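Asker: First the structure, which I've put down as structure tokens, then a few questions once you've had a look.
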Amino acid sequence: MIIDSSGVNVIITHQNEPITDFVNEINGSYPKFKNDNIIINLSSLKAFSLDDMLQFLLISNKHRVKKHSFVIVTNKFNFDLTPDELIIVPTMQEAQDIIEMEDIERDLGF
């Protein structure tokens with residue numbers, strides 16, 4: 001796991017660990033970036049299943065309740081299967097765009 005902080009956004013990049021271990025590492029490190037927007041970069045994965053995706057559901061919900069963005073980046077997933085509670089995009093640029101839009105919505109009181 002690689003953690004890169006830039007301003008109020010934190011990019012957490014998956015390396016070679018199993019998804020379960022990766023999610024556990026994120027949960028263990030969560031206090032370090034609980035006040036930042038989070039981008040989970042899964043671009044290195046060759047495949048990504050719905051079961052893998054659902055492992056991020058609890059931490060995403062926990063983070064979004066605190067009015068921070070939580071976006072997952074992967075192009076190895078059937079986006080039609082995405083649960084409504086998760087935001088999944090195919091590129092880092094789209095993740096940044098989502099965070100900007102959500103910041104504007106929060107500023108407007110939504």
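Rule-based calculations on the coordinates, nothing more; no lab input. Being a predicted model, the structure only gives us computed values, none of them experimental. In this analysis, Cβ positions are derived from the backbone assuming ideal geometry, glycine residues included, and neighbour counts consider all displayed protein chains.
Asker: Taking a point 7 angstrom from the Cα of Glu85 along the C-beta vector, which residues in the stretch 34-51 have backbone N less than 16 Å away?
Answerer: 50-51
Asker: I need the fraction of alpha carbon pairs in the chain separated by more than 26 Å, rounded to a whole percent.
Answerer: 10 percent
Asker: Sticking with this one: Kindly work out what percent of the DSSP beta bridges joining two residues of the chain are antiparallel, to the nearest 5.
Answerer: 30 percent
Asker: For the chain, what is the calculated [θ] at 222 nm in deg cm²/dmol (nearest 500), taking -39500 (n - 2.57) for each run of four or more DSSP H residues and dividing by its residue count?
Answerer: One gets -12500 deg cm²/dmol as the mean residue ellipticity at 222 nm.
Asker: For the stretch 19-110, run through the trypsin sites (Lys or Arg not before Pro) and keep only the ones in DSSP coil with at most 16 other Cβ atoms within 10 Å of their Cβ.
Answerer: Of the trypsin sites (Lys or Arg not before Pro), the ones in loops of the stretch 19-110 whose Cβ has at most 16 other Cβ atoms within 10 Å are Lys34, Lys46, Lys66, Lys67, Lys76.
Asker: Here's a follow-up. Work out the FRET efficiency for Val8 and Tyr30 from their Cβ-Cβ distance, taking R0 = 22 Å, and round it to the nearest 0.05. Walk me through the intermediate numbers first.
Answerer: Details: r = 16 Å, r/R0 = 0.72.
According to the calculation, E is roughly 0.90.
Asker: Tell me, what ³J(HN,Hα) does each residue in the stretch 15-21 have, in order and in whole Hz, if you take phi through Karplus 6.51 cos²θ - 1.76 cosθ + 1.60 with θ = phi - 60° and put x for Gly and Pro?
Answerer: 10, 10, 5, x, 4, 4, 5
Asker: Only counting other Cβ atoms within 10 Å, I'd like Val23, Val8 sorted with the fewest neighbours first.
Answerer: Val8, Val23
Asker: Would you be so kind as to identify which of Asn27, Ser6, Ile99 lies farthest towards the positive end of the dipole of the chain, taking Lys and Arg as +1 and Asp and Glu as -1 on Cβ and the Cα centre as origin?
Answerer: Positive-most Cα among the choices belongs to Asn27.
Asker: Number of Lys pairs in the chain with C-alpha atoms less than 22 angstrom apart, excluding same-chain neighbours closer than eight positions?
Answerer: 7
Asker: In debye to the nearest 20, how big a dipole does the stretch 1-108 give about its Cα centre with +1 on each Lys and Arg Cβ and -1 on each Asp and Glu Cβ?
Answerer: Around 320 debye, computed over the stretch 1-108.
Asker: Count the net charge of all other residues whose Cβ sits under 15 Å from the Cβ of Met92, scoring Lys and Arg as +1 and Asp and Glu as -1.
Answerer: My count for the surroundings of Met92 gives -3.
Asker: Taking the Cα centre of each part, how many Å lie between the stretch 5-52 and the stretch 76-110?
Answerer: Using only Cα atoms to place each centre, the spacing works out to 15 Å.
Asker: May I ask you to sort Ser6, Ser69, Ser49 by Cβ crowding, counting other Cβ atoms within 10 Å and putting the fewest first?
Answerer: Ser6, Ser49, Ser69
Asker: Which whole-number percentage describes the relative contact order of the chain, with Cα contacts under 8 Å and a sequence gap of 6 or more?
Answerer: Details: 144 pairs, mean separation 24.4, N = 110.
The normalised contact order for the chain reaches 22 percent.
Asker: How much length would be gained if the chain were fully extended between Met101 and Ile59, taking 0.36 nm per residue of separation minus their Cα-Cα distance, in nm to one decimal?
Answerer: 13.1 nm
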